[in-house]
């Protein structure tokens, strides 16, 4: 369950665009939203904020940090009173440090279930650029991260009512036959169920088949497709027999054939292009992917594929870093 949701803010409207999606999730799961803002320390302030005078005067640096703290407190208090957050338990936290690592550490310390953040953002001092911060958080966070496109028409923000969407939600879940890639299944299921409520959401289980590699390994494209289909159907049946099966979700599958995994995932998710699918669809509302993967089908949902997709798609992305048992 997604009961505790963290939204990083930096004072920009783009960063605040994540609030509507976070509110929708919190309403559906009866969850809590943690508003978090990172302020600079003398070692992290930009030249705009940290002058040579401050370097020579510890008191001046201290006063500057206090001013940032007070400004952040006022800002977060105003955000907490927004109509879109009415009826939701809202907490606020301010931490000092570098944005990326501070967010990762805070999510773990606060026992957050999900981070919802925009992929772009800026302040007057340009100290919190969410493009690079989102990439850092997605790469290092042990907590699932939903990265939104603040500069695009977000398909998850299509309704004026924060409790309900105007259409059902479909999420593509990228799989490669490995347990590591499958780590995204549970977070994706609960996310889609929350976003789609009260209507039924859809999980689209997808794998990308490399015809050339599989022909060399198996000697038959038909065998490759049969193995991929068998794997996806098996995952679908397993999910339906678990607690996920109790959610208001349809579970479908699709197979795409390509040597370029990242591009194939984007085409399936954005345009509905698939070599084979269990149902007809024209595209998805978001993508879910693990940052690592390896295994039977050798599709390698590696960190590089995740970052390639994150850097190219206009869709929101749920990024999950699997726990690797030592």
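Sort 319, 244 so the one with the fewest other Cβ atoms within 10 Å of its own Cβ comes first.
Lowest count first: 244, 319.
Checking the a/c ratio against 1.5 first, then a/b against b/c, what shape does the Cα gyration tensor give for the stretch 69-112?
Taking the square roots of the gyration eigenvalues as a ≥ b ≥ c, the stretch 69-112 is oblate.
Fewest Cβ neighbours within 10 Å first, please rank 38, 208 accordingly.
Result, fewest neighbours first: 38, 208.
Mind sorting 81, 24, 4, 225 by how few other Cβ atoms lie within 10 Å of their own Cβ, fewest first?
If I rank by nearby Cβ atoms, fewest first, I get 81, 225, 4, 24.
Bear in mind that the values in this text are calculations on the coordinates, not laboratory data. From a predicted model like this one, the values you see are computed outputs, not experimental measurements. Backbone-built Cβ (ideal geometry, glycine too); neighbour counts: all protein chains shown.
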